[in-house]
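What follows is a set of notes on a single structure, which appears directly below.
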Amino acid sequence: DLFVCEEYRGLGIGRLLLSRLAGVAREKGCGRMEWTVLDWNQPAIDFYEGVGAKLLNEWIICRVDGKSLQDFIRL
């Protein structure tokens with residue numbers, strides 16, 4: 001997880017972190033960056049849209065963990 005502690009938000013730190021990650025992605029030849037944000041976290045959504053991110057509402061996150069993960073390994 002990557003986040004900025006609440007007391008440091010609004011100082012440009014998040015923008016700098018994402019900008020640096022974008023630079024690393026470009027250096028590595030990546031064509032995009034993707035991440036997740038909870039649908040109720042409107043301040044984060046507004047921030048991400050403000051830096052040019054597009055929300056991809058058609059995607060659904062899938063997760064396998066705990067017993068399901070162990071069962072899946074045994075398939």
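Mind ranking 60-66, 35-41 by how tightly packed they are, going by the mean number of other C-beta atoms within 10 angstrom, highest first? Show your work: numbers first, answer last.
Numbers: 60-66: 7.0, 35-41: 9.7.
Ranking, from highest mean packing down: 35-41, 60-66.
What's the magnitude of the charge dipole for the chain around its Cα centre, counting Lys and Arg as +1 and Asp and Glu as -1 at the beta-carbon? Answer in Debye, nearest 20. Before the final figure, lay out the partial values.
Details: 10 positive and 11 negative charges, 73 e Å.
Computed charge dipole of the chain: roughly 340 debye.
Send over the semi-axes of the chain's equivalent ellipsoid, whole angstrom and largest first, taken as the square roots of 5 times the C-alpha gyration tensor eigenvalues. If you can, show how the numbers build up before the last one.
Numbers: eigenvalues 158, 60, 38 Å².
Over the Cα atoms of the chain, the semi-axes work out to 28, 17, 14 Å.
By the scheme Lys and Arg +1, Asp and Glu -1, what is the net charge of all other residues having a beta-carbon under 14 Å from that of I13?
Numbers: positive: R9, R15, R20; negative: E6, E7.
Here the charged neighbours net out to +1.
Using a Förster radius of 22 Å, what is the FRET efficiency between R32 and E6 based on their Cβ-Cβ separation? Nearest 0.05, please.
Values: r = 28 Å, r/R0 = 1.29.
Calculated transfer efficiency: 0.20.
Each value in this text was obtained by applying a stated rule to the coordinates, not by laboratory testing. None of the values given here were measured: they were computed from a predicted structure. So basically every Cβ, Gly included, is an ideal-geometry build from the backbone, and we count neighbours across all protein chains shown.
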